[in-house]
């Protein structure tokens with residue numbers, strides 16, 4: 001079983017200028033990943049089909065994003081900048097997760113990392129927001145369900161709460177959503193009391209954290225609570241919103257997680273995946289904005305995901 005690093009040059013064409021979420025993030029990541037996975041072995045993703053995106057977003061929202069991007073609009077909101085090729089990039093970013101799901105189901109790969117832009121976990125059914133156009137991980141989960149996967153766990157350790165992913169699955173008893181996030185910053189959602197809708201109680205798990213929480217806090221939650229909940233839920237597939245903006249060096253996050261902390265969290269995710277879902281994990285790039293450290297941090301995450309695979 002092999003590992004897939006899924007990315008595309010098109011993701012560099014989502015031009016946000018000097019915005020924190022810019023093309024230089026992916027360039028930094030690719031430079032470091034190329035040291036462990038030759039570029040000739042990277043996987044170029046397909047575009048998502050319209051019906052795959054519309055399983056998560058309304059047709060009017062999709063049309064609005066397309067129209068604004070292709071008409072040369074500069075922003076969808078105060079946080080979310082766009083350029084003429086942003087829509088095409090977002091469609092391919094959504095397709096990366098769908099392709100990874102297909103290849104895992106067909107036993108062509110065992111795990112994958114989708115190095116995509118724009119990120120996705122803030123995008124809600126009718127709204128692009130927070131640097132995100134389409135919700136890549138929610139689209140992948142919906143596609144996995146359409147391909148016959150029953151129970152799915154989504155783990156989000158981005159420093160910001162994955163409001164869009166929670167929004168997508170809040171009433172779904174077959175999707176477990178777990179988020180560890182800095183409380184009191186954007187987008188202001190993710191309270192402990194948000195535990196799932198009627199019939200899905202307990203499948204939405206939030207861990208709002210204080211400023212400057214570090215490895216001790218994150219790893220304790222993973223070890224003593226979050227991974228136990230995943231194991232009890234017994235998913236057939238685990239998806240990860242891998243934001244690295246909780247890193248101690250990140251200019252936006254206000255947290256103190258180290259490279260070692262991210263590595264240990266990744267190991268624990270793989271361990272529970274081996275117990276519940278035949279080791280199947282797909283990870284998606286979300287945040288992380290320090291260009292001096294992001295590449296090495298993501299490369300360590302990728303190396304950990306690769307262990308035991310070709």
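The values are calculated or read from the model by the stated rules, or taken from the named source; none is laboratory data. If you're wondering where the values come from, they're calculated on a predicted model, not measured in any experiment. Note that each Cβ is placed from the backbone with ideal geometry, even for glycine, and that neighbours are counted across all protein chains shown.
Structure values in brief
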read-out: Of all residues making up region 227-242, the number that are exposed (fewer than 15 other Cβ atoms within 10 Å of the Cβ) and not in a helix (DSSP H, G or I); value: 1
read-out: Condition met for residue 96 (assigned to a helix (DSSP H, G or I) and either farther than 12 Å from residue 11 by Cα or over 19 Å from the mean Cα position of the chain (by Cα) (or both)); value: no
read-out: Residues of region 274-294 that turn out to be touching a residue at least 24 places away in the same chain (Cβ under 8 Å), part of a helix (DSSP H, G or I) and surrounded by fewer than 22 Cβ atoms within 10 Å (Cβ to Cβ), as a count; value: 2
read-out: Where a residue in region 69-92 is free of Cβ contacts under 8 Å to residues at least 12 places away in the same chain and its partner, wherever it lies, is buried (at least 18 other Cβ atoms within 10 Å of the Cβ), with Cβ under 6 Å and at least six apart; value: 73/82; 75/81
read-out: Any hit, region 247-267, residues being at pLDDT 95 or above, in contact with a helix residue (DSSP H, G or I) (Cβ under 6 Å, 6 or more places away or on another chain), part of a loop (DSSP other than H, G, I, E, B) and surrounded by fewer than 21 Cβ atoms within 10 Å (Cβ to Cβ); value: yes
read-out: Candidates 139, 155, filtered to the one that is within 23 Å of residue 205 (Cα to Cα) and not in a helix (DSSP H, G or I); value: 155
read-out: Enumeration of residues in region 100-124 that are surrounded by 24 or more Cβ atoms within 10 Å (Cβ to Cβ) and outside any loop (DSSP other than H, G, I, E, B); value: 100, 101, 104, 111, 112, 113, 114
read-out: Among residues of region 217-226, those that are closer than 13 Å to residue 264 by Cβ and either surrounded by fewer than 22 Cβ atoms within 10 Å (Cβ to Cβ) or modelled with pLDDT under 95 (or both), counted; value: 5
read-out: Residue within region 68-89 that is more than 30 Å from residue 236 (Cα to Cα), crowded, with 24+ Cβ neighbours inside 10 Å and either modelled with pLDDT under 95 or touching a strand residue (DSSP E or B) at 6+ places or on another chain (Cβ under 9 Å) (or both) present; value: yes
read-out: Single condition residue 211 does not satisfy, out of (1) modelled with pLDDT of 95 or more; (2) in contact with a helix residue (DSSP H, G or I) (Cβ under 9 Å, 6 or more places away or on another chain); (3) not in a helix (DSSP H, G or I); value: (2)
read-out: Residue 163 vs. criteria in contact (Cβ under 8 Å) with a residue 12 or more places away in the chain, out of contact with any helix residue (DSSP H, G or I) (no Cβ under 8 Å at 6 or more places or on another chain) and under 24 Å from residue 247 (Cβ atoms); value: yes
read-out: Residue 148 being in a loop (DSSP other than H, G, I, E, B), modelled with pLDDT under 95 and out of contact with any strand residue (DSSP E or B) (no Cβ under 6 Å at 6 or more places or on another chain); value: no
